[in-house]
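> Before anything else, here's the structure in question.
The values are calculated or read from the model by the stated rules, or taken from the named source; none is laboratory data. The shown structure was predicted, so the numbers you read here are calculated from the model rather than taken from an experiment. Here the Cβ positions follow ideal geometry from the backbone for every residue, glycine too, while neighbour counts run over all protein chains shown.
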């Protein structure tokens, strides 16, 4: 059993599809069952990791730019903040940053954080050429909370000792053994690949990938690992993950600009618990 840190670190990235709203629920389920290492192979905003604050963790994502941000925040938070504070928050500067491609890893991380905090809706979206193409957000969208609320500093402390890897999810899930816990939050693709939205990768998370994930999760469970997968509330998902215990959770969609227009969304939490 690992104890959850009472002073929960807030994620420093805004992430569409992220699990801030469900992170405490997942962390409280994981905490008494986690005896070894924690794996999160679809890192994104890392809300569950920050809520759980495990003693040992391997975090990974196929997005190299995203992993670079976490590495720089972990290892060089002061330099990242210094670069970030120097970037003016204006429409002109935003589009200049959006098209720039600095060689320096620290500058890359600072620019990623800047775009994340100033882009419209906090969306991370790439076009077919792999270029970030979200318009300027304006208004109160600013990176100031990253230092005002100590999000970078506290995030850096929580990330100390954590392994951060650029990887496809499957090799990471295949590392999990008895006593470990794996939490997966993939892009929500259902059968016929009709979701049509790239959440953060350069390519869609295909139905074939969904099948690979289900198979890898089952293998990890058979080795004695606890596995939790967040996924779409859809018959094709329930059929694919038929050997998992399924719990349905409901939330309001965060996509609409108007609170009144936000629709109710159902999601699955799919669980393979070797202790049951």
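> When you scan segment 141-171, how many residues do you find that are touching a strand residue (DSSP E or B) at 6+ places or on another chain (Cβ under 9 Å) and under 21 Å from residue 72 (Cα atoms)?
Within segment 141-171, the subset touching a strand residue (DSSP E or B) at 6+ places or on another chain (Cβ under 9 Å) is 141, 159, 161-169, 171.
Next, from what is left, pick out any that are under 21 Å from residue 72 (Cα atoms): 159, 161-168.
The qualifying residues number 9.
> So, residue 135, is that one modelled with pLDDT of 95 or more and more than 18 Å from residue 37 (Cα to Cα) or not? Before the answer, list the steps.
Working: modelled with pLDDT of 95 or more: yes; more than 18 Å from residue 37 (Cα to Cα): yes.
Taking the combined requirement at face value, the residue satisfies it.
> So, residue 66, is that one out of contact with any helix residue (DSSP H, G or I) (no Cβ under 7 Å at 6 or more places or on another chain), part of a helix (DSSP H, G or I) and crowded, with 21+ Cβ neighbours inside 10 Å or not? Full working, then the answer.
Values: out of contact with any helix residue (DSSP H, G or I) (no Cβ under 7 Å at 6 or more places or on another chain): yes; part of a helix (DSSP H, G or I): yes; crowded, with 21+ Cβ neighbours inside 10 Å: yes.
Here the answer is yes, as residue 66 does meet what is asked.
> Mind listing whichever residues of segment 128-160 are surrounded by fewer than 18 Cβ atoms within 10 Å (Cβ to Cβ) and either touching a residue at least 60 places away in the same chain (Cβ under 8 Å) or not assigned by TED's automatic domain parsing to the domain that holds residue 78 (or both)?
The answer is 130, 147, 149, 153, 154, 157, 160.
> Look through 199, 203 and report the one residue that is within 25 Å of residue 14 (Cα to Cα), crowded, with 16+ Cβ neighbours inside 10 Å and modelled with pLDDT under 95. Walk me through how you get there before you give the answer.
On the way: 203 fails: crowded, with 16+ Cβ neighbours inside 10 Å.
Unique residue meeting the criteria: 199.
> Which numbered condition trips up residue 89, out of (1) surrounded by fewer than 23 Cβ atoms within 10 Å (Cβ to Cβ); (2) closer than 19 Å to residue 230 by Cβ?
Failing condition for residue 89: (2).
> For segment 23-63, what are the residues that are surrounded by fewer than 19 Cβ atoms within 10 Å (Cβ to Cβ) and in a helix (DSSP H, G or I)?
Across segment 23-63, the qualifying residues are 24, 25, 28.
> Check residue 102 against each of (1) in contact with a helix residue (DSSP H, G or I) (Cβ under 8 Å, 6 or more places away or on another chain); (2) assigned to a helix (DSSP H, G or I) and name the one condition it does not meet.
(2)
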